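Some notes on the structure that comes next.
The values are calculated or read from the model by the stated rules, or taken from the named source; none is laboratory data. Quick caveat: nothing in here was measured; it's all calculated off a predicted structure. Neighbour counts are summed over all protein chains in view; Cβ atoms, including those assigned to glycine, are modelled from backbone coordinates with ideal geometry.
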Amino acid sequence: MTDAQLLERIVVKPEVMAGKPTIRGTRLSVEYVLNLLAHGATFDGILQEYAGISRDDIQACILFATKTLESMAFMPVLAEST
């Protein structure tokens with residue numbers, strides 16, 4: 001599946017989840033899915049808990065976050081010297 005095909009699975013609608021990016025046809029936000037993964041959830045565990053989504057949907061969340069971060073500029077935080 002191409003990046004474009006994966007990203008079509010993510011939608012932003014002002015009337016759904018206050019405009020947060022979500023998996024098409026659900027109220028599962030990209031943020032929520034990424035948080036599940038960050039806290040140790042597995043693809044299989046998420047798929048069992050949320051029957052309406054697919055492995056491609058989870059991959060789309062990761063790709064969406066990656067593409068979003070590509071365009072952000074970061075400033076390194078310098079440690080204070082004591």
Which one of these does residue 24 not meet: (1) touching a Lys or Arg at 6+ places or on another chain (Cβ under 6 Å); (2) more than 20 Å from residue 3 (Cβ to Cβ)?
(2)
Quick check on the range 58-72: of everything there that is assigned to a helix (DSSP H, G or I), free of Cβ contacts under 8 Å to residues at least 12 places away in the same chain and not hydroxyl-bearing (Ser, Thr, Tyr), which residue is farthest from residue 13 (Cα to Cα)?
70
Which ones in the range 47-57 are surrounded by 15 or more Cβ atoms within 10 Å (Cβ to Cβ) and either at pLDDT below 95 or assigned to a loop (DSSP other than H, G, I, E, B) (or both)?
50, 53
Looking at residue 75, is it in a loop (DSSP other than H, G, I, E, B), more than 16 Å from the chain's Cα centre (by Cα) and in contact (Cβ under 8 Å) with a residue 24 or more places away in the chain?
no
In the range 48-57, is there at least one residue being touching a Pro at 6+ places or on another chain (Cβ under 7 Å) and either hydroxyl-bearing (Ser, Thr, Tyr) or in contact (Cβ under 8 Å) with a residue 60 or more places away in the chain (or both)?
no
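Could you list all residues from the range 1-46 that are among the hydrophobic types (A, V, I, L, M, F, W, C), in a loop (DSSP other than H, G, I, E, B) and more than 13 Å from the chain's Cα centre (by Cα)?
Step one: of the range 1-46, the residues among the hydrophobic types (A, V, I, L, M, F, W, C) are 1, 4, 6-7, 10-12, 16-18, 23, 28, 30, 33-34, 36-38, 41, 43, 46.
When the remaining residues are screened for being in a loop (DSSP other than H, G, I, E, B), the result is 1, 12, 16, 28, 41.
Residues satisfying the conditions are 1, 16, 41.
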